[in-house]
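Down below is the structure, laid out as structure tokens.
The values are calculated or read from the model by the stated rules, or taken from the named source; none is laboratory data. Computed from a predicted model, the values in this text were never measured in an experiment. Because the Cβ atoms are built from the backbone with ideal geometry, glycine has one as well, and the counts that use them run over all protein chains shown. For the accessible areas, the whole protein counts, side chains as well, though only heavy atoms, and no ligand, DNA or RNA atoms are used. Shrake-Rupley method; radii C 1.70, N 1.55, O 1.52, S 1.80 Å.
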Amino acid sequence: MKTISILGSTGSIGTQTLEVVRHTGDFRVSALTAGSNIDLLEKQMREFQPALVGVMDPDKAEQLRQRTSDLNITVLSGMEGLLAAAAEPSADMVVTAVVGMIGIRPTLTAIESGKDIALANKETLVTAGHLVMQAAREKGVRIFPVDSEHSAIFQSLKREDHSKISRILLTASGGPFRGRTLEELADVKVEDALKHPNWSMGAKITIDSSTMVNKALEVIEAKWLFDVTFDEIEVVVQPQSIIHSMVEFVDGGIIAQLGTPDMKLPIQYALYEAERNVMPGDRLNFAALKQITFEAPDMDTFRGLALGYEAGRKGGSVPTVFNAANEWAVARFLDRKIGYLDIIRIIEDALSHHDRMDHPDLDTILAAEAETYSYLESRWNH
Ligand code: NAD
Ligand code: MG
């Protein structure tokens with residue numbers, strides 16, 4: 001039986017991964033981690049009996065240790081807990097389902113420990129893609145994408161020669177504000193931005209989907225996963241979220257993956273190392289669906305997508321600043337401290353303040369993140 005560890009097991013991807021574990025009965029769980037939701041983590045410990053859990057918040061970790069003293073499970077806190085979970089010896093695969101670039105160190109640790117990766121945590125590839133892909137190559141570790149678009153591309157490429165790719169067609173729903181003007185976006189409230197038309201996800205990625213920064217992160221994620229240039233990645237808006245992405249080849253043929261919007265399929269496809277297995281759930285009904293429509297992304301209104309392409313093309317430390325500024329701004333927006341359009345203004349401000357560094361190592365990336373945060377604190381926190 002295959003053994004997996006899940007970083008971020010209490011989140012949207014984490015809990016859906018455990019649903020797959022539950023319904024298939026084909027996986028054992030060796031480590032779980034959470035930010036602070038110890039009520040849910042305790043339930044998961046009792047059900048899945050991992051050897052180790054990590055809780056980011058030290059006080060919560062201590063509370064959990066006391067509550068679960070009847071179990072033979074080690075409870076660690078902070079980055080130590082995340083890294084120990086990433087390296088837990090009995091795991092064959094680590095599911096990276098934490099949100100944000102906090103995932104860089106545990107992802108690298110999991111790779112260094114020889115674990116295959118089921119990668120949901122896109123911010124890690126955006127900021128440290130060169131380090132992650134190189135480490136995976138050196139260690140012979142496989143990276144299975146969990147993000148639905150990247151899983152679709154991965155599925156479309158399964159029997160294809162990568163050198164025959166002409167374009168990656170990355171689909172986007174356009175989010176809840178597709179078709180709106182900038183004036184109409186100015187007074188968007190947190191509640192409005194948290195309503196995604198097709199997917200139910202964590203708060204941060206839901207806001208990112210509404211600004212299309214999520215699609216920008218996914219463009220950079222695709223560049224690293226599939227070793228293509230930015231000119232070879234085109235975003236296609238497909239509002240029904242039925243086509244999860246497509247690949248066009250040199251002969252003009254296009255292969256796509258379609259399905260109902262359900263993250264359990266890409267999660268399961270990654271856990272089974274790109275093999276198909278039965279999954280219950282709704283099936284597409286084309287007669288009821290009637291149509292699938294397409295449009296070009298509106299990069300003037302949703303500047304985040306254009307800024308992401310630009311940051312990706314510049315490369316080096318620039319995608320880190322793009323990502324860190326977005327993480328900072330989205331957290332402030334969710335705290336109701338800034339307006340909706342400030343998210344993009346903040347990203348632009350951080351990018352224009354930054355001096356690009358080439359081939360940043362891990363410390364340089366984390367320093368660029370910290371500098372972005374302190375710059376933004378001084379400029380925007382009043
Ligand atoms: P979420 O907010 O629902 O869950 C995040 C998990 O990480 C939780 O377990 C939380 O406790 C933990 N966490 C949060 N902050 C942490 C910190 N500072 N330190 C340690 N742990 C922390 O997020 P999600 O929607 O499940 O997304 C997780 C990742 O997967 C993101 O990178 C997201 O972009 C990606 N992703 C999500 C979906 C989706 O459908 N939810 C789809 C594609 C990609
Ligand atoms: Mg996606």
> Can you list residues whose amide H is under 5 Å from SER166's amide H, if they're 5+ apart or on another chain and H is modeled 1.01 Å from N?
Replying inline: GLU248, PHE249, VAL250
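So how strong a dipole does segment 234-382 carry about its Cα centre when Lys and Arg Cβ are +1 and Asp and Glu Cβ are -1, to the nearest 20 debye?
On the way: 13 positive and 23 negative charges, 112 e Å.
Dipole about the Cα centre, nearest 20: 540 debye.
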> In square angstrom, what is the accessible area per residue of the chain with a 1.4 angstrom probe?
Replying inline: 42
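At 1.4 Å probe size, put HIS359, HIS196 in order of accessible surface, largest to smallest. Display every interim value, and only then the final one.
On the way: HIS359 150, HIS196 30 Å².
Greatest to least solvent exposure: HIS359, HIS196.
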> Accessible area, 1.4 Å probe, largest first: how do SER352, SER374, SER77 sort?
Replying inline: SER352, SER374, SER77
> Hey, rough spin-label estimate for ASP355 and GLU295, points 7 angstrom out along Cα→Cβ, what's it come to in nanometres?
Replying inline: 4.3
>> With every protein chain left in place and a probe of 1.4 Å, what is the accessible surface of LEU366, to the nearest 10 Å²?
In response: 50
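Using Cα-Cα distances under 8 Å and only pairs 6 or more residues apart, what relative contact order does the chain have, in percent? List each step's numbers first, then the result.
Values: 684 pairs, mean separation 55.5, N = 382.
Once divided by the residue count of the chain, the mean separation gives 15 percent.
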>> Only Cα pairs within less than 10 Å get springs; with that Gaussian network setup on the chain, which residue of MET45, MET79, MET279 has the largest fluctuation?
In response: MET279
> In what order, largest first, do GLU377, GLU112 sit by accessible area if the probe radius is 1.4 Å?
Replying inline: GLU112, GLU377
>> I need the Kirkwood Rh of segment 169-292: take the reciprocal of the average 1/r across all distinct C-alpha pairs and report it in angstrom.
In response: 16.3
>> Can you compute the modelled spin-label distance between ASN285 and VAL250, with each label point 7 Å from Cα toward Cβ, in nm?
In response: 4.4
> What are the ³J(HN,Hα) values, in whole Hz, obtained from phi via the Karplus relation 6.51 cos²θ - 1.76 cosθ + 1.60 with θ = phi - 60°, for each residue of segment 342-348 in sequence order, with x given for Gly and Pro?
Replying inline: 5, 3, 6, 4, 5, 4, 4
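Pairs LYS139/LYS264; LYS223/LYS314; LYS139/LYS223; LYS122/LYS158: which are spaced more than 24 Å apart, C-alpha to C-alpha?
Pairs exceeding 24 Å: LYS139/LYS264.
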> Say a paramagnetic label sat at a point 7 Å from the Cα of VAL278, along Cα to Cβ; which residues of segment 1-29 have their backbone N under 16 Å from it?
Replying inline: 20-27
> If you line up the Cα atoms of segment 1-62 on their principal axes, what length do they span on each, largest first, in Å?
Replying inline: 34, 22, 16
> With each pseudo-label sitting 7 Å past Cα toward Cβ, what's the ARG46-ASP187 distance in nm, one decimal?
Replying inline: 4.8
>> Can you compute the radius of gyration and Dmax for the chain, using only the Cα atoms, both in Å?
In response: 20.1, 62
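On average over all directions, what projected area in square nanometres does segment 242-342 have, based on the convex hull of its Cα atoms? Before the final figure, lay out the partial values.
Working: hull surface 43.8 nm².
Taking a quarter of the hull surface, the average projection is 11.0 nm².
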> Expressed as a whole percentage, what fraction of the accessible surface of segment 244-292 belongs to carbon and sulfur atoms when a 1.4 Å probe is rolled over the protein heavy atoms?
Replying inline: 54
> What ³J(HN,Hα) values, in whole Hz, does the Karplus curve 6.51 cos²θ - 1.76 cosθ + 1.60 give for segment 205-216 when θ = phi - 60°, with x put for Gly and Pro?
Replying inline: 5, 5, 5, 4, 5, 6, 8, 6, 5, 4, 5, 4
>> Assuming 0.36 nm per residue, please report the length gained on full extension of the stretch ARG379 to GLU234 beyond their Cα-Cα distance.
In response: 48.8 nm
>> Counting other C-beta atoms within 10 Å, and keeping those with at most 11, which DSSP coil GluC sites (Glu not before Pro) do you find in segment 240-301?
In response: GLU275
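Can you list the trypsin sites (Lys or Arg not before Pro) in segment 255-301 that are in a DSSP coil and have 16 or fewer other beta carbons within 10 angstrom? Before the final figure, lay out the partial values.
On the way: sites: LYS264, ARG276, ARG283, LYS290; in loops: ARG276, ARG283, LYS290.
Here the sparse-neighbourhood loop sites are ARG276, ARG283, LYS290.
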> Per the helix-only calculation at 222 nm, which mean residue ellipticity applies to the chain, given -39500 (n - 2.57) for every DSSP H run of n ≥ 4 and division by its residues, nearest 500 deg cm²/dmol?
Replying inline: -14500 deg cm²/dmol
> Is segment 1-111 rounded, prolate or oblate when judged by the Cα gyration tensor, a ≥ b ≥ c being the square roots of its eigenvalues, rounded requiring a/c under 1.5 and prolate requiring a/b larger than b/c?
Replying inline: rounded
> Residue-wise, which Karplus ³J(HN,Hα) couplings in Hz belong to segment 220-233, taking 6.51 cos²θ - 1.76 cosθ + 1.60, θ = phi - 60°, and x for glycine or proline?
Replying inline: 5, 4, 5, 4, 6, 5, 10, 6, 10, 8, 5, 5, 8, 10
